[in-house]
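Beneath this line is the structure, given in structure tokens, with notes to follow.
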Amino acid sequence: MSKDKFPVTQAIRVLRDNKADFEPHLYDYVEKGGTKHSSEALGVDMHMVIKTIILEDETKTPIVVLMHGDKEISLKKLARDINVKTLKPCEPDTANRHTGYLVGGTSPFGTKRAMKVYMEKTIAALPEIYINGGKRGFLVSISPAVVTKILKPVEVEVAIDK
């Protein structure tokens, strides 16, 4: 794939508007393949592939959580840390409406609705991460520092082993 033959999604527009340095990576999307499939397809450690999860609290207020591909989110700990009663994953249709992306292709960049972003603290220590570029089967490799600069996430420590 040549570098200029990749989808120009809303996420890519945001990255370009912010003059972000990133590398596009296309792979064959597999329904329910998750970060295990994408990391294998790209030949990278699943820990470096970052999931974009859309959660909602008891008032149906959505948030974005960025988590390592090989970890899960402790919803109870995150709820306590951000001072809400409960958190649960949004239904796919609801997540699609909030983000403007299809589940499986959700990027934290350029979401339709502005949402608070939380990021697992250890992501910032990685030299490079792979995060969704706004389409199924499309990740971008980027520095966590660039992600932090653009999204201004709140760092949290809520990872648990799968």
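Only the coordinates and a few stated rules stand behind these numbers; no lab work does. Predicted model, so just to flag it, every value in this text is computed and none were measured. Here the Cβ is made from the backbone with ideal geometry for all residues, glycine too, and neighbour counts use every protein chain on show.
Using just the helices of the chain, give the 222 nm mean residue ellipticity in deg cm²/dmol: DSSP H runs with n ≥ 4 each add -39,500 (n - 2.57), and the total is spread over all residues, rounded to 500. Walk me through the intermediate numbers first.
Details: 5 runs with 40 residues, N = 162.
Estimated from H runs of four or more residues: -6500 deg cm²/dmol.
Using a Gaussian network model of the chain whose springs link C-alpha atoms within less than 10 Å, name the residue from Val65, Val84, Val117 with the highest mean-square fluctuation.
Val84
Using the Cα centre of the chain as the reference point, and only Cβ charges (+1 on K/R, -1 on D/E), how large is the resulting charge dipole? Debye, rounded to the nearest 20.
Working: 25 positive and 21 negative charges, 106 e Å.
Value, rounded to 20: 500 debye.
Which far-off residues, 5 or more places away or on another chain, put their amide H under 5 Å from the one on Ser107, with H placed in the peptide plane?
Amide H neighbours of Ser107, under 5 Å, 5+ apart: Gly134.
Excluding same-chain residues fewer than 8 positions from Lys19, which aspartates and glutamates have a Cα within less than 16 Å of its Cα?
List returned: Asp4.
I need the semi-axes of the equivalent ellipsoid of the chain: take the C-alpha gyration tensor, multiply each eigenvalue by 5, square-root it, list largest first in whole angstrom.
Values: eigenvalues 111, 55, 49 Å².
Semi-axes, largest first: 24, 17, 16 Å.
Using Cβ contacts closer than 10 Å as the measure, can you line up Phe6, Phe138, Phe109 from fewest to most?
Listed from fewest to most nearby Cβ atoms, that is Phe6, Phe138, Phe109.
Can you say what percent of the DSSP beta bridges in the chain, counting only those with both residues inside, are antiparallel? Round to 5.
70 percent
Would you mind calculating the relative contact order of the chain from Cα pairs under 8 angstrom and at least 6 residues apart, reporting the percent as a whole number? Mind dumping the intermediate values first?
Details: 323 pairs, mean separation 46.3, N = 162.
That works out to 29 percent.
As a footprinting exposure proxy, order Lys19, Lys71, Lys149 by other Cβ within 10 Å, with the fewest listed first. Intermediate results must be reported in sequence, preceding the final value.
Details: Lys19 7, Lys71 19, Lys149 11.
Ranking Lys19, Lys71, Lys149 by Cβ neighbours within 10 Å, fewest first, gives Lys19, Lys149, Lys71.
On a 19 Å Cα-Cα criterion, which of the cross-link pairs Lys85/Lys152; Lys32/Lys121; Lys88/Lys152; Lys51/Lys121; Lys32/Lys135; Lys5/Lys32 come out too long? Let's see the in-between values first.
Values: Lys85/Lys152 24 Å; Lys32/Lys121 26 Å; Lys88/Lys152 22 Å; Lys51/Lys121 14 Å; Lys32/Lys135 14 Å; Lys5/Lys32 25 Å.
Cα-Cα > 19 Å for Lys85/Lys152; Lys32/Lys121; Lys88/Lys152; Lys5/Lys32; rest within.
Tell me which aspartates and glutamates have Cα within less than 19 Å of Lys60's Cα, excluding those fewer than 8 residues away on the same chain?
Result set, ordered by chain and number: Asp81, Glu91, Asp93.
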